[in-house]
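A short worksheet on the structure shown next.
We did not get these values from a lab; they are worked out from the coordinates using the rules stated. Being a predicted model, the structure only gives us computed values, none of them experimental. Note that each Cβ is placed from the backbone with ideal geometry, even for glycine, and that neighbours are counted across all protein chains shown.
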């Protein structure tokens, strides 16, 4: 999962830097900041195998926050957003949500693999 997180982090960084290149506003870098945090967590998870589970759970919380921030922006001021701000927020929301879904699926699969009987309560 750390390698997948690094891919999503790179995409978020590219989104933020691309938005900043076109708009030159500091808020355009928000996806990049999120990507840097996710990249750092993934890098630490790769380096410290014993802490991988905890670091990936922290990364899942970061991805959740990365999903909630643009969702809240849409709820509060979607009509007032410029087209670029709309699409950058949408991209951050989609990338964060996609990563979170993949992480939850990975956590569930790991839990089932660790449980005797494959996690089936009927056994």
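Some notes on this structure:
- For the residues 62, 76, 37, a GNM of the chain with alpha-carbon springs under 10 Å puts the largest fluctuation on 76.
- Added length on full extension, which subtracts the Cα-Cα distance from 0.36 nm per residue, residue 51 to residue 90: 10.9 nm
- From helices alone, the chain scores -28000 deg cm²/dmol at 222 nm; the rule is -39500 (n - 2.57) for each run of n ≥ 4 DSSP H residues, then divide by the residue total.
- Largest GNM mean-square fluctuation across 39, 60, 51, computed for the chain with C-alpha springs under 10 Å, falls on 51.
- Residue 25 versus residue 112: modelled label distance in nm, points set 7 Å from Cα along the beta carbon direction: 4.3
- For the chain, the longest principal axis of the C-alpha atoms and the axis of helix 30-47 are separated by about 30°.
- Cα centroid separation, the range 65-91 to the range 1-42 (Å): 16
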